[in-house]
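The values are calculated or read from the model by the stated rules, or taken from the named source; none is laboratory data. As the structure is a computational prediction, the values presented were derived from the model and not from experiment. Neighbour counts are summed over all protein chains in view; Cβ atoms, including those assigned to glycine, are modelled from backbone coordinates with ideal geometry.
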Amino acid sequence: MMVQDIIDGIKNKDIKSLARAISWIEKEREEGIELIRNIYPYQKEETHIIGITGFAGVGKSTLSSRIIEKYRSMGKTVGVVAIDPSSPFTGGALLGDRLRLGSLSLGSSMWTDPGVFYRSVSNRGRMGGLSRMTGDIITIMSVFGFDKIIIETVGAGQSEVDVIKVADTSVVVLMPGMGDRVQFAKAGILEIADIFVVNKSDLVGAERVRQFLEEMLNFTDYRKGERRDGTSEEWKIPIVMTIGEYNNLKGIDELVQKIDEHFDYLVSTGRLNEVRKKRAKSEIETLVSDIVVSLCYKNHSVDLDEFAKKVSNKKIDQYTAAEKIIKKTMTENDIVNLNTSYYL
């Protein structure tokens with residue numbers, strides 16, 4: 001199928017075209033890059049990108065499912081990108097769409113709902129929890145016209161901060177029994193929150209977690225807007241207590257309300273443009289880094305194993321090795337004939 005056919009299908013909300021386009025991105029096919037080049041200007045400014053992040057085991061998937069259901073009851077369409085840990089053998093997502101969502105929808109009709117599109121993608125071993133392809137998939141879903149795009153990260157502990165690079169609103173999910181205050185304070189994940197959620201709030205210790213977060217917000221600058229774009233406009237970070245289990249639901253309506261209020265805040269203060277500018281900068285930096293690494297691997301005159309052997313034997317240091325590889329790889333011919341699609 002031609003790239004233009006897929007582009008037309010995405011613009012006309014054809015779900016098969018959407019799925020095909022994402023598959024191109026996942027498989028790193030040249031058609032995927034050509035597609036992104038052509039559809040990038042057609043992204044919807046009103047699409048709200050929501051990041052759900054937190055430590056493993058806090059109930060992010062269940063919470064995401066409840067948020068989806070709430071938005072569908074409001075008539076909103078939702079695209080979901082779930083970042084799964086990658087298989088060490090295939091590089092693919094370990095959990096997969098149907099296993100992951102099917103295990104938490106608890107009989108809901110999300111799989112047959114045309115207003116919900118769910119995709120699990122591999123994080124390709126990235127420690128921050130997000131794969132390089134995440135930004136491209138967000139672009140495709142935005143052009144498709146989803147009202148909300150939810151990014152759920154892999155749950156890798158303190159490295160779960162990359163979500164701030166792609167999301168308009170970052171929701172950090174915690175739960176009781178996660179460790180002492182020192183562990184919390186060291187976790188950079190707390191610094192990215194636009195909204196805190198204490199999930200499984202029926203468990204012992206939930207109130208202590210809430211109190212700690214209140215103290216942290218009261219005695220630090222977390223409430224101020226400088227973290228995002230340097231403005232003095234203030235967003236007061238809310239703490240929402242939730243329970244995601246069907247037989248004891250709590251706080252979902254309040255959470256969705258706070259998520260929407262944060263997006264309204266970004267729009268009304270003009271800060272949404274700054275947030276998305278930072279997303280674009282992050283995507284460019286990642287691509288430049290990946291292209292340089294790919295050049296090194298695809299340049300047959302560079303023997304990476306030999307350099308690794310020299311470093312491990314302490315004949316040279318890793319910085320010298322990296323400099324030599326880059327100088328040997330980035331020849332004038334490479335730069336002149338650079339084709340992004342070839343190196344990704």
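Could you list, ordered by first residue, the pairs with Cβ atoms under 7 Å in which the first is in region 9-23 and farther than 14 Å from residue 34 by Cβ and touching a residue at least 40 places away in the same chain (Cβ under 8 Å) and the second is surrounded by 15 or more Cβ atoms within 10 Å (Cβ to Cβ) and aromatic (Phe, Trp, Tyr), at least 6 apart or interchain? As it stands, the answer is 13/144; 15/117; 18/117; 18/144, since those pairs meet every condition given.
To keep it simple, each residue is scored yes or no on (1) at pLDDT 65 or above; (2) out of contact with any Pro (no Cβ under 7 Å at 6 or more places or on another chain); (3) assigned to a helix (DSSP H, G or I); (4) not aromatic (Phe, Trp, Tyr).
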{"position": "126", "(1), (2), (3), (4)": "no, yes, no, yes"}
{"position": "137", "(1), (2), (3), (4)": "yes, yes, yes, yes"}
{"position": "178", "(1), (2), (3), (4)": "yes, yes, no, yes"}
{"position": "232", "(1), (2), (3), (4)": "no, yes, no, yes"}
{"position": "235", "(1), (2), (3), (4)": "yes, yes, no, no"}
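Evaluated against (1) closer than 27 Å to residue 165 by Cα; (2) at pLDDT 80 or above, residue 312 falls short on exactly one condition, (1). Listed by first and then second residue, the pairs linking a residue in region 196-218 that is assigned by TED's automatic domain parsing to the domain that holds residue 172 and at positive phi to a residue that is among the charged types (D, E, K, R) and outside any helix (DSSP H, G or I), with Cβ atoms under 9 Å apart and 6 or more places separating them unless they lie on different chains, are 200/245.
For (1) at pLDDT 90 or above; (2) in a strand (DSSP E or B), each residue gets a yes or a no:
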site: 79; (1), (2): yes, yes
site: 83; (1), (2): no, yes
site: 89; (1), (2): no, no
site: 111; (1), (2): no, no
site: 121; (1), (2): no, yes
site: 143; (1), (2): yes, no
site: 155; (1), (2): no, no
